[in-house]
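The values are calculated or read from the model by the stated rules, or taken from the named source; none is laboratory data. Everything numeric in this text was worked out from a predicted model, so none of it was measured. Glycine also receives a Cβ, built like all others from the backbone with ideal geometry; neighbour counts cover every protein chain displayed.
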Amino acid sequence: MTGQGDHKPGVSDARSIAYRFLGNREHSCQELREKLERKGVDGDIAYMAVDELAEEGLVSDRRYAESFARSRVARLQGPFKIRAELRNRGVTDVLIDEALAGFEQEWIELAAQWISRRSRDRLDKAEKARLYRNGTRRGFSHEHMMRALETFE
């Protein structure tokens, strides 16, 4: 890290590295620990540094989940995909549920917006099937896609 060979970063070094990461965007605690370890920080040191930052409110899985969900909704991704990505980043199901709860009424509308960007006004059976498959891959449920496709009949 510093060019001195076998210098191992301590907690204050780890915090400095973490500040740079957090200056760019929100991170989950797990994601931040993994990034610190990739930078050569020992796992225990990374854990301590991230715990300190979390206690100070500088890193928050709740804030990260909300920010992540908003950005993915803006990209017209569905709840299943967003949930899976947040789980992969170490966010708990409780926090994921809270982050997605604000969008509960919008999923069908978002699926319809996604369909309208990728299709004509009238859809034949093959086009509907293709859009349905692609929409479920984007994380929309069967119900979301079926109800959204109904608006194009």
query = When region 82-126 is examined, which residues are found to be within 17 Å of residue 147 (Cβ to Cβ) and either hydroxyl-bearing (Ser, Thr, Tyr) or surrounded by 14 or more Cβ atoms within 10 Å (Cβ to Cβ) (or both)?
reply = 103, 107, 108, 109, 110, 111, 112, 114, 115, 116, 119, 123
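Regarding residue 79, is this residue under 18 Å from residue 139 (Cα atoms), in contact with an Asp or Glu (Cβ under 9 Å, 6 or more places away or on another chain) and either crowded, with 18+ Cβ neighbours inside 10 Å or modelled with pLDDT under 95 (or both)?
On the way: under 18 Å from residue 139 (Cα atoms): yes; in contact with an Asp or Glu (Cβ under 9 Å, 6 or more places away or on another chain): yes; either crowded, with 18+ Cβ neighbours inside 10 Å or modelled with pLDDT under 95 (or both): yes.
For residue 79, the condition - under 18 Å from residue 139 (Cα atoms), in contact with an Asp or Glu (Cβ under 9 Å, 6 or more places away or on another chain) and either crowded, with 18+ Cβ neighbours inside 10 Å or modelled with pLDDT under 95 (or both) - is met.
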task = Go through the residues of region 140-151 one by one and say whether even a single one is among the small types (Gly, Ala, Ser), within 14 Å of residue 72 (Cα to Cα) and buried (at least 20 other Cβ atoms within 10 Å of the Cβ).
result = no
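So for region 47-57 (the condition being more than 18 Å from residue 26 (Cβ to Cβ), more than 10 Å from the chain's Cα centre (by Cα) and not assigned by TED's automatic domain parsing to the domain that holds residue 141), does at least one residue qualify?
So in region 47-57, the residues more than 18 Å from residue 26 (Cβ to Cβ) come out as 47-48.
When the remaining residues are screened for being more than 10 Å from the chain's Cα centre (by Cα), the result is 47-48.
Retained after the next criterion (residues that are not assigned by TED's automatic domain parsing to the domain that holds residue 141): 47-48.
Looking through region 47-57, at least one residue is more than 18 Å from residue 26 (Cβ to Cβ), more than 10 Å from the chain's Cα centre (by Cα) and not assigned by TED's automatic domain parsing to the domain that holds residue 141.
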query = Quick one: what pairs do we get from region 118-145, first residue closer than 25 Å to residue 104 by Cβ, second loosely packed, with under 14 Cβ neighbours inside 10 Å and among the aromatic types (Phe, Trp, Tyr), C-beta under 6 Å, 6+ apart or different chains?
reply = none
message = Go through (1) in a helix (DSSP H, G or I); (2) at pLDDT below 95; (3) surrounded by fewer than 20 Cβ atoms within 10 Å (Cβ to Cβ); (4) among the small types (Gly, Ala, Ser) for residue 71 and report which single condition fails.
response = (2)
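Regarding region 18-38, can at least one residue be identified that is farther than 21 Å from residue 107 by Cβ, touching a Pro at 6+ places or on another chain (Cβ under 9 Å) and surrounded by 15 or more Cβ atoms within 10 Å (Cβ to Cβ)?
yes
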